[in-house]
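Take a look at the structure set out below.
The values are calculated or read from the model by the stated rules, or taken from the named source; none is laboratory data. Given the structure is predicted, the values throughout are model-derived calculations rather than measurements. Reconstructed Cβ throughout: ideal geometry from the backbone, glycine too, with neighbour counts over all protein chains shown. The protein model used for the area step is the full one, side chains on, heavy atoms only, and it has no ligands, DNA or RNA in it. Shrake-Rupley method; radii C 1.70, N 1.55, O 1.52, S 1.80 Å.
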Amino acid sequence: MIVLTKAPRGTRDILPDEVEQWQFFEEKVRALCRLFGYAEIRTPVFEHTELFLRGVGEVTDIVAKEMYTFTDRGDRSLTLRPEGTAPVARAYLEHKLYGEAQPLKVYYIEPMFRYDRPQAGRYRQFHQFGVEVFGAMEPSLDAEVMMLSLHLFRALGLGEFSLQLNSVGCPLCRAAYRACLQEELKEKVNSFCPDCTGRFHKNPLRILDCKHEVCQELTVGVSLMIDNLCGDCAEHFAAVREAMDALGESYVVNPRLVRGLDYYTKTAFEIVSPVLGAQSSLCGGGRYDHLLAAIGGPDVPGIGFGIGVERVLLARAAAGCSPPVSKSIDVFVATAGNVSAAEALRVVMDLRAEGVAADKDFLGRSLKAQFKFADKKQAKYLVILGDEEIKRGQVMLRDMQTGSQTDVALAELTSMVAKLVKGAKK
RNA sequence: GUGGGUGUAGCUCAGGAGGUUAGAGCACCAGAUUGUGGCUCUGGGGGCCGUGGGUUCGAGUCCCAUCAUCCACCCCA
């Protein structure tokens, strides 16, 4: 039975209290992207299913079992986007952005959808902050992209995380390596875990990244992609490392790091957090030099990453990062006696007109209850508007932190409070 | 998709081997001299005990199913 009072499985509401964390994250992202020269892009929440089949790869898990696909009334097969790169690549081609000054550097913070079994740090609707750069092959760009993600984590106060770096080669050297790896492993294929016996044919590189100890032991000393790169890929990888070294940035070369999506080439990286559970990957990215060609465009290179917003927020909480300061109201206008709610609203609107965040009671509560409410809302000041005050033309202004009170002429209240509030912000 | 844990008030949880009107803390609301928050005290509102079925004289408690949730695998952010 469908419960109407519950959000669908794997989805959740972000309530006002938590939204502050999200806005904090978004502010850091926007500031950094501006600093790094990345412009925001927004693409539709669904695309033609075919885009993901071609762009992500038909044998990947995302396409094989995790897509939210539906047919619309015009009999089109559409899919809620499971990742951000293919849609942005599509937009790049559709609007012929390769005709503009290159490279094109864009970012997005948008919801993604994957029909997966929910777990810690994994949801069916989740959010990714991602960047994509099209039209440049230079290794220093790979370094810049990684730097952006590292800087974001630091700006967010995340202390512990590690950057894992690898090169997955290009179609040429990877195909040759893949064949050589299969040759080396074929004797042991029956000793691997059930998952890896399957991987042997589907994606033998993935065996190297298996969590099972047996598989790890069986692959000790086996040839690695990193040692079998073609000249071009090896040179690129060395240059990326050189750029990172020059920046004094530490990273771990992990030759067993594999990307799940088909379109990755050369640089592959991942940033993992030790404070999360099994879903410890905060950021995954890399180069995809032939994705554009795969979906019918010119053979323009690209690079990007995706960062899981929920996971970053989870990691912040787990690491005990202090929450962002909550945005409370400046003034609460309380009424007493026969002063009408309409009169209070007029004062509140006057304050707001001066840029003072003001609020009032809307439940006809007692003065005491209004005080409690103002306290709960962490109002910095409270104004009492009572019969006495109206008569004298003086209202009482109370500093809620210190408890001190002063009389202020009603006519001067707005400018007075505006000055107080602005002074405190500096 | 696979395996395991858990579903009692808004939240965190109690409810000995089935037996009266299901409890606590926090939160919420009201009051403690008729116009003053935080601390304290008093009172109050709130629960299809996740849902459906079964066993029983009797089920929050036992059994089955289902849904949800959590953890892990797979995969990934």
Condition met for A:Glu388 (open to solvent by 90 Å² or more (accessible area, probe 1.4 Å) and either within 8 Å of RNA strand B (Cβ to nearest atom) or in contact with a strand residue (DSSP E or B) (Cβ under 6 Å, 6 or more places away or on another chain) (or both)): yes
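Can A:Leu292 be described as within 19 Å of the chain's Cα centre (by Cα) and either assigned by TED's automatic domain parsing to the domain that holds A:Pro82 or at pLDDT 90 or above (or both)?
Values: within 19 Å of the chain's Cα centre (by Cα): no; either assigned by TED's automatic domain parsing to the domain that holds A:Pro82 or at pLDDT 90 or above (or both): yes.
In short, no.
On the given criteria, is A:Val63 open to solvent by 30 Å² or more (accessible area, probe 1.4 Å) and within 12 Å of RNA strand B (Cβ to nearest atom)? So that I can check it myself, show each step before the final result.
Details: open to solvent by 30 Å² or more (accessible area, probe 1.4 Å): no; within 12 Å of RNA strand B (Cβ to nearest atom): yes.
In short, no.
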Is segment A:297-318 home to any residue that is assigned to a loop (DSSP other than H, G, I, E, B), free of Cβ contacts under 8 Å to residues at least 60 places away in the same chain and not assigned by TED's automatic domain parsing to the domain that holds A:Gly393? yes
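Yes/no matrix, rows are residues, columns are (1) within 16 Å of RNA strand B (Cβ to nearest atom); (2) in contact (Cβ under 8 Å) with a residue 40 or more places away in the chain; (3) open to solvent by less than 30 Å² (accessible area, probe 1.4 Å):
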| residue | (1), (2), (3) |
| --- | --- |
| A:Val19 | no, no, no |
| A:Phe25 | yes, yes, yes |
| A:Val29 | yes, yes, yes |
| A:Phe36 | no, yes, no |
| A:Arg42 | no, yes, no |
Reported set for segment A:232-250 where residues are assigned to a loop (DSSP other than H, G, I, E, B) and open to solvent by 40 Å² or more (accessible area, probe 1.4 Å) is A:Leu247, A:Gly248, A:Ser250
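Could you go through segment A:72-84 and let me know if any residue there is touching a residue at least 40 places away in the same chain (Cβ under 8 Å) and of a type in the set (A, V, I, L, M, F, W, C).
no
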Taking segment A:274-288 and keeping only residues that are open to solvent by 10 Å² or more (accessible area, probe 1.4 Å) and either more than 10 Å from RNA strand B (Cβ to nearest atom) or farther than 23 Å from A:Glu138 by Cβ (or both), one is left with A:Pro274, A:Val275, A:Leu276, A:Gly277, A:Ala278, A:Gln279, A:Ser280, A:Ser281
Expected single match for at pLDDT 95 or above and near RNA strand B (Cβ under 7 Å from one of its atoms) among A:Arg352, A:Arg398, A:Arg365 is A:Arg398
Of those in segment A:211-231 that are outside any loop (DSSP other than H, G, I, E, B) and either in contact with a strand residue (DSSP E or B) (Cβ under 9 Å, 6 or more places away or on another chain) or of a type in the set (A, V, I, L, M) (or both), the residue most open to solvent (accessible area, probe 1.4 Å) is A:Val214
- Tell me, yes or no, whether segment A:100-109 has at least one residue that is under 23 Å from A:Ser280 (Cβ atoms), near RNA strand B (Cβ under 10 Å from one of its atoms) and either buried (at least 18 other Cβ atoms within 10 Å of the Cβ) or under 21 Å from the mean Cα position of the chain (by Cα) (or both). no
Scanning segment A:314-338 residue by residue, those among the aliphatic types (A, V, I, L, M), in contact with a helix residue (DSSP H, G or I) (Cβ under 8 Å, 6 or more places away or on another chain) and open to solvent by 20 Å² or more (accessible area, probe 1.4 Å) turn out to be A:Ala336
query = If we scan segment A:202-210, do we find a residue that is open to solvent by 60 Å² or more (accessible area, probe 1.4 Å) and not assigned by TED's automatic domain parsing to the domain that holds A:Arg54?
reply = yes
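Would you call A:Met112 at pLDDT 95 or above, hydrophobic (A, V, I, L, M, F, W, C) and either touching a Ser or Thr at 6+ places or on another chain (Cβ under 9 Å) or at positive phi (or both)?
Details: at pLDDT 95 or above: yes; hydrophobic (A, V, I, L, M, F, W, C): yes; either touching a Ser or Thr at 6+ places or on another chain (Cβ under 9 Å) or at positive phi (or both): no.
No: the conditions fail for A:Met112.
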Checked segment A:151-187 for anything open to solvent by 70 Å² or more (accessible area, probe 1.4 Å), touching a helix residue (DSSP H, G or I) at 6+ places or on another chain (Cβ under 9 Å) and farther than 30 Å from A:Ala315 by Cβ; matches are A:Leu172, A:Arg178, A:Lys186
Here the qualifying pairs (Cβ atoms under 9 Å; residues six or more apart or on different chains; first in segment A:117-132 and in contact (Cβ under 8 Å) with a residue 60 or more places away in the chain and more than 8 Å from RNA strand B (Cβ to nearest atom); second among the basic types (Lys, Arg) and in a loop (DSSP other than H, G, I, E, B)) come out as A:Gln125/A:Arg12; A:Gln125/A:Arg114
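Looking only at segment A:295-324, count how many residues are more than 16 Å from RNA strand B (Cβ to nearest atom) and at pLDDT below 90.
At the first step, the residues of segment A:295-324 found to be more than 16 Å from RNA strand B (Cβ to nearest atom) are A:295-301, A:320-324.
So of that shortlist, the ones also at pLDDT below 90 come out as A:320-324.
Of the residues in that region, 5 qualify.
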